[in-house]
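Novice: Once you've had a glance at the structure underneath, I'll fire off some questions.
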Amino acid sequence: MSKITGVFPSLPVATTEQSLVSHAGLNVVTSFVDALGFRGLCEDRLGQFVPSGARHRPGTILGSLAVMLAGGGEHVSDLDILRTGAGVFGKVASNATISRFFERTVTNPDVFTYGFATLTRELRSRAWEAAADRNPALMATALDPLIVDLDATLVTSHSDKEQAVGTYKGGYGFAPFIASVDYGAGSGGGEILAAVMRPGNAGANSADDHIKVFSQAIEQLPDDFYDEHGELIGDKVLVRTDSAGASRKFLHHLSSRGVQFSVSYPVPVLKAHMVGWINDKKYWQPALDQDGKERADAWVVNATGILGLTDYPEGTNLYLRAEPLHPGAQPTLLDSDGHRVTAFLTNSPRWHGPTLDARHRARGRCENRIKTLKNTGPSHLG
């Protein structure tokens with residue numbers, strides 16, 4: 001008797017002048033799912049949530065939902081886009097079967113959470129290992145670490161659901177905290193490591209929430225980020241956040257794990273002689289753009305020795321960036337001589353300010369990853 005190892009049918013793909021199957025392009029996704037051994041892993045980690053002998057196993061259920069989301073679906077009923085192509089996507093479980101599966105998971109949420117977390121970690125390990133010399137785990141070093149961006153976002157809810165409350169923007173919903181890997185190129189390629197659900201009124205600068213999402217994120221990293229004793233090789237990881245992550249408690253936690261950080265910092269009130277520094281650029285270095293080219297209108301300086309830091313982890317440095325106000329920007333009291341001054345903290349072993357500044361400014365790319373995430377699930381919490 002043959003043993004089924006895949007979730008989806010295996011079929012050859014040929015280009016013709018005829019349109020034969022709707023959404024046939026999703027065959028790339030189905031092939032990827034099966035290449036990772038998705039069915040077997042799901043059975044091992046989540047098999048207890050499906051009755052023995054049931055036709056539709058966890059791999060079939062979760063695999064179909066993943067492909068449906070990749071195809072632009074939003075709700076379980078959108079699985080109909082797969083049911084129209086049984087030759088490509090196989091027999092899809094009914095909506096009632098899928099509903100019963102998730103009803104079983106909520107009866108033992110801790111077991112499901114652990115099983116799902118270890119499932120995704122193993123899938124990521126297999127995918128990264130298959131990337132060979134492009135494996136992010138093998139490319140990470142102390143001087144060029146894997147960058148993990150932490151950022152919160154808002155998801156609007158249109159009904160009174162659990163944890164849905166008023167937000168600081170006057171809306172109503174949730175404020176999930178997201179941790180994602182930045183692949184460091186283009187408009188923000190990468191992947192999501194962890195997402196912590198929070199009520200809509202959760203504070204952005206909670207050190208405990210930062211620690212929680214960071215802890216979940218590093219648990220998703222493959223074995224290459226851990227030594228023979230199971231300890232995180234922290235200098236291969238850099239955590240990047242906005243100023244909400246600049247709390248001493250969070251940064252000391254990162255430092256205790258040996259992890260690098262690069263976090264925005266509320267600009268201190270500039271001292272008189274710092275104003276002079278902004279006017280006299282001989283103390284500053286030209287900033288770099290994302291292509292590594294020098295800019296003629298932006299500068300970076302290590303101001304740790306001038307402004308000083310108190311009670312931050314050893315090795316933390318404070319960098320300032322000065323650049324002319326952009327057209328239409330509203331001046332603030334902290335602007336000096338027509339320059340906008342921003343700051344960030346880092347404990348990176350690198351000392352070239354412009355390089356550190358360019359790396360920190362690239363954190364804006366995480367917004368694209370969060371947007372993609374919200375388009376494939378979280379935005380439908382309402």
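Novice: Having 2 or more residues that are within 30 Å of A343 (Cβ to Cβ) is the bar; report the strands (runs of 3 or more DSSP E) wholly within the stretch 129-247 that clear it.
Specialist: Hits in the stretch 129-247: 146-152, 177-182, 190-196, 237-241.
Novice: Name the single residue that is nearest to L251 (Cα to Cα) among those in the stretch 339-360 being open to solvent by 30 Å² or more (accessible area, probe 1.4 Å) and part of a strand (DSSP E or B).
Specialist: By that ranking, first place goes to T342.
Novice: Sort out which residues of the stretch 351-377 are touching a strand residue (DSSP E or B) at 6+ places or on another chain (Cβ under 8 Å) and within 11 Å of S180 (Cβ to Cβ), and write them in order of number.
Specialist: R363, R365, C366, E367, R369, I370, L373
Novice: Restricting attention to helices (runs of 4 or more DSSP H) lying wholly within the stretch 45-94, give those where 1 or more residues are hydroxyl-bearing (S, T, Y) and closer than 22 Å to F112 by Cα.
Specialist: By residue number, 58-70.
Novice: Still on this structure, please answer the following. Taking the stated definitions as given, is S262 modelled with pLDDT of 90 or more, open to solvent by less than 50 Å² (accessible area, probe 1.4 Å) and touching a His at 6+ places or on another chain (Cβ under 6 Å)?
Specialist: yes
Novice: Return the residues of the stretch 97-111 that are polar (S, T, N, Q) and within 17 Å of R57 (Cα to Cα); say none if nothing qualifies.
Specialist: T97, S99, T105
The values are calculated or read from the model by the stated rules, or taken from the named source; none is laboratory data. Fair warning: this is a prediction, and the values are worked out from it, not measured in the lab. Virtual Cβ from ideal backbone geometry, glycine too; neighbours counted across all protein chains shown. Surface accessibility is based on the protein's heavy atoms, side chains included, excluding ligands, DNA and RNA. Shrake-Rupley method; radii C 1.70, N 1.55, O 1.52, S 1.80 Å.
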